[in-house]
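First the structure, in the form of structure tokens, and then the observations on it.
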Amino acid sequence: LTRLLVVPCFMHGRIAALAAVANRRLAYSQDDVAQITAFLVSSHAILERRQAEEALWRSTALLRTVSEGTPVLICTKDRQGRITMANPAMARLIGKAESEILGLTDLEFLPDPGQAARIVENDRRVMESGRAETFEETTDLGGGQHVGLMTKSPYLDERGQVIGLIAIGADITDR
């Protein structure tokens, strides 16, 4: 071993990695240290990002599994009442594929405008109050009349502003 350069990489105030190079003919310079440091920092950032992406994937996979595997009705709507997400149980109740109902309002897919207006009013009340409420809502859909017991809560952004609605409920028609 003729020459050895060891460069620590500090992250969050502690050593996160070390890089070592050896056996160079000439002495190592500050430029060499800067290049190795830049490599370490970018490598560590890539590793942290990959770990965050994997954690996010696991989290969303869990939510997707719950949403897709439950008979519970789940949907989200934006402030204008357009459906932004509907789980398979909700899509089956409506009688359309999720891709067909995304972006629609209740007024656009419910055949009875009075029923749709009552649901829209319930949604508006929850979004304006900022408080969750439970409603018994009746709809006439493809398979006949359905009664849903729906709990609706405001959907908040990272600043706590209401950006829509989350609705979770059960079809209680047979009760």
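The values are calculated or read from the model by the stated rules, or taken from the named source; none is laboratory data. Computed from a prediction, not measured in an experiment: that's the story for all the values here. Cβ: placed from backbone, ideal geometry, glycine included. Neighbour counts: every protein chain shown. Accessible surface areas use protein heavy atoms only, side chains included; no ligands, DNA or RNA. Shrake-Rupley method; radii C 1.70, N 1.55, O 1.52, S 1.80 Å.
Rounded to the nearest 10 degrees, the inclination of helix 30-69 to the longest alpha-carbon principal axis of the chain is 20 degrees.
By its C-alpha gyration tensor, with a ≥ b ≥ c as the square roots of the eigenvalues, how is region 1-95 shaped: rounded for a/c under 1.5, else prolate for a/b larger than b/c, else oblate?
Numbers: a/c = 5.61, a/b = 4.09, b/c = 1.37.
Here region 1-95 falls in the prolate category.
In this structure Leu4 has an accessible area near 100 Å², from a 1.4 Å probe over the protein heavy atoms. Solvent-accessible area per residue in region 57-157 equals 56 Å², computed with a 1.4 angstrom probe and all protein chains kept. Once the Cα-Cα distance is subtracted from the 0.36 nm per residue extended length, the Val41 to Ala61 segment shows a gain of 4.2 nm.
Helix-only mean residue ellipticity at 222 nm, the chain, DSSP H runs n ≥ 4 weighted -39,500 (n - 2.57), per residue, nearest 500. What is it? Show your work: numbers first, answer last.
On the way: 5 runs with 72 residues, N = 175.
Calculated mean residue ellipticity at 222 nm is -13500 deg cm²/dmol.
Maximal additional length on extending the Phe10-Arg25 stretch stands at 2.6 nm, based on 0.36 nm per residue less the C-alpha distance.
In loop segments of region 41-149 as defined by DSSP, the trypsin sites (Lys or Arg not before Pro) with at most 11 further C-beta atoms inside 10 Å of their C-beta are Arg131.
Could I get the Rg over Rh figure for region 100-157? Both from C-alpha atoms, Rh via Kirkwood, rounded to two places. List each step's numbers first, then the result.
On the way: Rg = 12.0 Å, Rh = 12.2 Å.
Checking Rg against Rh, the ratio lands at 0.98.
Here the accessible area is traced with a 1.4 Å probe on the protein chains. For the chain, carbon and sulfur cover 56 percent of it. Across region 72-87, rounded Karplus estimates of 3J(HN,Hα) from the backbone phi angles (6.51 cos²θ - 1.76 cosθ + 1.60, θ = phi - 60°) give 5, 7, 9, 7, 10, 9, 7, 4, 8, x, 7, 5, 10, 7, 9, 7 Hz, Gly and Pro being marked x. Non-local amide H neighbours of Leu141 (under 5 Å, H modeled in plane, Pro and chain starts lacking H): which ones? Amide H to amide H, under 5 Å and 5 or more residues apart or across chains, Leu141 pairs with His146. The C-alpha radius of gyration of the chain, expressed as a fraction of 2.2 N^0.38 Å, stands at 1.73. In the complete set of protein chains, residue-level accessible area for Met90 is approximately 20 Å², probe 1.4 angstrom. Counting only protein heavy atoms and a 1.4 Å probe, region 1-55 has 79 square angstrom of accessible area per residue.
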